[in-house]
Amino acid sequence: MDNQTVKMTLELANQLLGYLGKRPYEEVFTLINELQRQHKENADLEKGVTFPREKIEAEEVDGTT
């Protein structure tokens with residue numbers, strides 16, 4: 001299957017999720033999870049937020065003044 005993209009309004013996405021929410025859980029949970037995952041990924045990209053793939057080491061900060 002080709003990895004094609006479809007853009008939709010937030011209103012339509014909410015309507016689709018509302019419909020899916022009325023269906024039995026075992027029929028729709030994977031679709032809802034995937035919609036949420038892709039939305040978060042796209043929202044993060046639009047904000048310019050990227051998550052490092054590797055763990056970043058940080059130095060401990062001394063909280064005393």
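The values are calculated or read from the model by the stated rules, or taken from the named source; none is laboratory data. Keep in mind that what you see is a predicted model, and the values were worked out from it rather than measured. So basically every Cβ, Gly included, is an ideal-geometry build from the backbone, and we count neighbours across all protein chains shown.
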Flagged in the range 20-33 as surrounded by 10 or more Cβ atoms within 10 Å (Cβ to Cβ) and part of a helix (DSSP H, G or I), in numbering order, are L20, V28, F29, L31, I32, N33
State whether the residues of the range 27-44 include one that is of a type in the set (A, V, I, L, M) and modelled with pLDDT under 75. no
Selection from the range 45-56 of residues at pLDDT 65 or above and not basic (K, R) yields L45, E46, G48
Result of the Cβ filter at 6 Å on the range 23-40, keeping first residues that are more than 17 Å from N3 (Cβ to Cβ) and partners that are at pLDDT 90 or above and surrounded by 12 or more Cβ atoms within 10 Å (Cβ to Cβ), at least 6 apart or interchain, is V28/L20; I32/L20
